[in-house]
Amino acid sequence: MPPTCRSPVTSRCTSSWSRGGVLAPGRCPSVYVPFPETAYGVAKRLEVVAGWLQAAAGESGSLRILDVGCGTGDQLTAPLAQLGHRVLGIDVHPPTIELARARHPVAGLCFEVGEVASLARRAQRFDAVICSEVLEHVHDPDVFLRLACSLVAPGGVLVITTPNGYGAYEWLVSLQQVLRRTGVHQVCRSLFWSARRGMAAISGRPAPSRPLEHLTSAEDAGFVNTDSGHVQFFTVPRLEQLFREAGLCVVERRARTVLCGPYADAVLGLLPGRRRLYAWNAAAADWLPFAMAADWMYLLRPAP
């Protein structure tokens, strides 16, 4: 039987801490983010998740954290370890784990090839379990959530981030597939590449190495396994029903960004002042209806 949970809090936070390390209502921590913001709100995600975990840690200041589907560890796993947490990152893609180990020789940080089922069989428990951009890739999200919940120690928390199955990203991916079949995508790719090379020559920057994507080498971080596509397309009601059926209560939820995906990334990357545009894109998600965001972030606790 699903647990009885309070209505979730949708937060719109400013960056500051209350005294004593306790998260005041409507406030978020100021966290040093070691990489620039992008259209995908990666800097915002780190700030929000780090704030939630710091509040969960309380006076101890440190948690034992599992990051499921950690990728190369650049965007969450390693930064959380650098904040003093003990972090285990797991991923099913061996080359990704090898790269993560080479990039991040950080104290208190370990990487393993693995999945939640293998850890559940070993009866491991963590103060916090993070599954960021994972749920949309699994064929049985209800089973996955129950396994992830079983890894949370008493009093611990679970952090889930996942895209809006009917948000900007998914619509733009669908549009890209249609335009590829008609050949329009290839024309757009060539035009954008020419524009980016021209702008790079004018500004004296190195020419981009890829035609359409906006990421530079400094920003192209987080994953190397690009073969796994989305198989789940969530709405807010369906997602929160899955949480309840897995025995999880939503403590807090936060929208991540509004506009991201093919073509939007390229346009935002070409416009002047793109860093400010990325920040506005992330901030706008907090003030629009939650269901309109391109990606959602949830803080959950297993029901008593």
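The values are calculated or read from the model by the stated rules, or taken from the named source; none is laboratory data. Predicted model, so just to flag it, every value in this text is computed and none were measured. In this analysis, Cβ positions are derived from the backbone assuming ideal geometry, glycine residues included, and neighbour counts consider all displayed protein chains.
Of everything in the range 92-113 that is surrounded by fewer than 18 Cβ atoms within 10 Å (Cβ to Cβ) and of a type in the set (Gly, Ala, Ser), the residue that is farthest from Gly69 (Cα to Cα) is Ala107. Of all residues in the range 161-212, those being hydrophobic (A, V, I, L, M, F, W, C), over 25 Å from the mean Cα position of the chain (by Cα) and at pLDDT 85 or above number 1. Among the residues of the range 31-88, none is identified as touching a helix residue (DSSP H, G or I) at 6+ places or on another chain (Cβ under 8 Å), small (Gly, Ala, Ser) and without any contact (Cβ under 8 Å) to a residue 24 or more places away in the chain. Would it be correct to say that Trp296 is in contact (Cβ under 8 Å) with a residue 12 or more places away in the chain, loosely packed, with under 14 Cβ neighbours inside 10 Å and within 25 Å of Phe35 (Cα to Cα)? Criteria not met by Trp296.
Of the residues making up the range 162-188, those that are closer than 30 Å to Val49 by Cα and either in contact (Cβ under 8 Å) with a residue 12 or more places away in the chain or of a type in the set (A, V, I, L, M, F, W, C) (or both) are Thr162, Pro163, Asn164, Gly165, Tyr166, Gly167, Ala168, Tyr169, Glu170, Trp171, Leu172, Val173. Note on the range 258-282: among residues that are at negative phi, assigned to a loop (DSSP other than H, G, I, E, B) and free of Cβ contacts under 8 Å to residues at least 24 places away in the same chain, the one that is surrounded by the most Cβ atoms within 10 Å (Cβ to Cβ) is Leu271.
Residues are listed down the side, and each one gets a yes or a no for (1) farther than 30 Å from Gln241 by Cβ; (2) among the polar types (S, T, N, Q):
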site	(1), (2)
Ala100	yes, no
His104	yes, no
Cys110	yes, no
Arg121	no, no
Gln124	no, yes
Val134	no, no
Val143	no, no
